[in-house]
Every structure is written in structure tokens, then in C-alpha cells.
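The block underneath contains the structure these notes are about, expressed in C-alpha cells.
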Amino acid sequence: MSVLRVERLRKSFGGVQAVRDVSFAVEAGEMLALIGPNGAGKSTCFNMLNGQLRPDAGHIDIAGRDTAGLPPRAVWRLGVGRTFQITATFASMSVRENVQLALLSQHREVWRLWRPAAARHAAAAEALLAQVGLAAQAGRAAAVLAYGDLKRLELAIALANAPRLLLMDEPTAGMAPTERVAQMRLVRDLASARGLAVLFTEHDMDVVFGLADRILVMNRGALIAEGNGEAIRAHPEVRAVYLGTGATSGGH
Ligand SMILES: Nc1ncnc2c1ncn2[C@@H]1O[C@H](COP(=O)(O)OP(=O)(O)O)[C@@H](O)[C@H]1O
Ligand SMILES: [Mg+2]
């Protein structure tokens, strides 16, 4: 059974058909890249998958449950992880505390400010930090981390939810090219070790072609191609979209 199965997903904003009849599936342990030019509908897809947007039509099946229209919290409870940017409040906390807080949330516990919470899930937090290569930074304030390390912390926080599916919309935005590859290689290694399904968008084609098991290409709301790197590189419509040559995507 696929971890995620999407069928004929559809969403319009006024007259704009942002996503039209998109269908695909992601398997456990698979890294699936969703690419396409700006405005193709990638983020709209992500926002329907994570519960932020209600689809106009279609099905979203996550581990056997139709989640279309469920709120983000309910989707998260089903084991769907996503990376969030660390905001000011959390930046003042230590790297370890950020992960501990995520673990408290996963275990449905409340952060009791009047009680020393320092020990709660400390070992599990350290273990997660070690997995993303941040063990040495555990005691530092999140605010002082280098950008790449902050991104690794966001990943550790997402993993604290023990997700079966990780949704990453432009996870390496703002990173240097070498850091991007390192970050997504880390995601890929964690995904295969944990049997985690990963759906991500990425503009860096070295990352996409180097690390994705399979690639989906969207243009103007529709899925125009699906396959491995070789198939995608050779696909005439994909080449037309990216190189601006040859046939157009037709009809609109
Ligand atoms: N909240 C919104 N309200 C109106 N139009 C939107 C909204 N979100 C996205 N769109 C439109 O939907 C289309 C797809 O956008 P988006 O999903 O963000 O694409 P991508 O992530 O591939 O760049 C675009 O034409 C965009 O302007
Ligand atoms: Mg987007």
C-alpha cells in the first residue's frame, strides 16, 4: 500500500485552476520530487496534502485514510511531517529544547513552564540531533546557528513526529548549492533508513536529478510527466517547459 495516494486532486482560486486532476502515489522509503515552473501549482498541492487548503475535488489517501479536508493538526497526527521555519520565540531556546518541545507535542504532553522540563525527552532529542549531525550544537541557542544548521534543526523537529510521510516545499531555499545537496542527501539517507516517504519541491536540478527516486513535473496546474531522471530529461513536453523550445503544453 502506498503511503500517500492522490487522486484527481483539484483546486481553483477564482478563475485560476491552480491544480487540476493531479494523481500520483508515493511509496515508503521513496524520495519523490515535484518540480515545475513558478505558478505550476506545487505549493497548492502541498497545502492540500498538509491540510491547510481544502481541495475542490479529489481524494488524498494517507496510510489508508482519506484526509482531504482534514485540518492540519489531524493530518499531522496521522504521521505527516513538514518542516516549519523556526520563529523568534523558539530561536531563543536551545537546539535541544526545540526538539524536546516537538517530542512533547508528539507525545501529547504539555510544556509546563512552572516545572523543570529540561529532562523530558532529552535523550531522544539528543538522538535525533545526532542523526541530523547537530549533536555538538545541542546546548546552543537556535538563534546563533548557521543557516544550514538551522535547516537541519527544522528537519530534526519534523522527525520528532515520527512521520511516515515528509512533505517538504522548497526545503533548501536560501541554502548554498553544496549545502543543498548535503541536506537532501541527509533526508534521503534518513528516509531509506526509516522507510519514510518524502515528497519535495526543489529548484536545484542537481538535487532533483541526483537524489530523487522519481520525478513529477507540473505545469499550469497539471501533471505533464512522471518518471526517473532519464525519462524526465528526455520528455519533450518537459523540455519545452524548461527550455522554452519545441511544442507548447497545448490547449490553453
Ligand atoms: N491563495 C491563493 N489565492 C489566489 N491564487 C493563488 C493562491 N495560491 C496560489 N495561487 C495561484 O495558483 C497558482 C499556483 O500557485 P502555487 O501553487 O503557489 O505554484 P508553485 O508553488 O508551483 O509556484 C498560481 O497561479 C498562483 O498565483
Ligand atoms: Mg511554491
(message) As I understand it, the value is the acute angle between the Cα axis of helix 122-131 and the longest principal axis of the Cα atoms of the chain; what does it come to in degrees, rounded to 10?
(response) 40
(message) Taking every DSSP beta bridge with both residues inside the chain, roughly what % is antiparallel (nearest 5)?
(response) 55
(message) Let me check against my output: what whole-number percent is the relative contact order of the chain, with C-alpha pairs under 8 Å and at least 6 apart?
(response) 26
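Would you work out the relative contact order for the stretch 85-162, in percent, from Cα pairs under 8 angstrom that are 6 or more residues apart?
Details: 84 pairs, mean separation 35.9, N = 78.
Relative contact order of the stretch 85-162: 46 percent.
Give, rounded to the nearest 20 debye, the magnitude of the charge dipole that the stretch 137-252 has about its Cα centre when Lys and Arg contribute +1 at Cβ and Asp and Glu contribute -1 at Cβ.
Values: 12 positive and 13 negative charges, 40 e Å.
With Lys and Arg at +1 and Asp and Glu at -1, about 200 debye.
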(request) Taking the Cα centre of the chain as origin, sum charge times position over the Cβ atoms of Lys and Arg (+1) and Asp and Glu (-1), and report the length of that vector in debye to the nearest 20. (result) 700
(request) Could you order peptides 16-29, 224-237 by the average number of other Cβ atoms within 10 Å of their residues, highest first? (result) 16-29, 224-237
(request) Taking the dipole about the Cα centre of the chain, with the C-beta of Lys and Arg at +1 and of Asp and Glu at -1, give me whichever of 166, 52, 236 is farthest to the positive side. (result) 52
(message) Which residue fluctuates most in the GNM of the chain (Cα springs below 10 Å): 100, 85, 183?
(response) 85
(request) Scan around residue 21 for amide H atoms under 5 Å from its own, H built in the peptide plane at 1.01 Å from N, and keep only partners 5 or more places away or cross-chain. (result) 9, 10, 11
(request) Quote the charge dipole size of the stretch 85-162 about the Cα centre in Debye, to the nearest 20; the model charges only the Cβ of Lys and Arg (+1) and of Asp and Glu (-1). (result) 160
(request) Give the dimensionless ratio obtained when the Cα radius of gyration of the chain is divided by 2.2 N^0.38 Å. (result) 1.05
(request) Using only Cα atoms, tell me the angle between helix 177-194 and the longest principal axis of the chain; keep it within 0 to 90° and round to the nearest 10. (result) 80
(request) Starting from one equal scatterer on each C-alpha and no solvent at all, send me the Debye-based log10 I(q)/I(0) for the stretch 1-96 at q = 0.12, 0.23, 0.25 Å⁻¹, two decimals. (result) -0.44, -1.23, -1.37
(message) Output the 0 to 90 degree angle, nearest 10, between the alpha-carbon long axis of helix 147-159 and the longest principal axis computed from the alpha carbons of the chain.
(response) 90
(request) Using a Gaussian network model of the chain whose springs link C-alpha atoms within less than 10 Å, name the residue from 32, 186, 159 with the highest mean-square fluctuation. (result) 186
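Rule-based calculations on the coordinates, nothing more; no lab input. Bear in mind that the values here come from a model prediction, so they are computed numbers and not experimental data. FYI the Cβ positions are ideal-geometry reconstructions off the backbone, even for glycines, and counts take in every protein chain you see.
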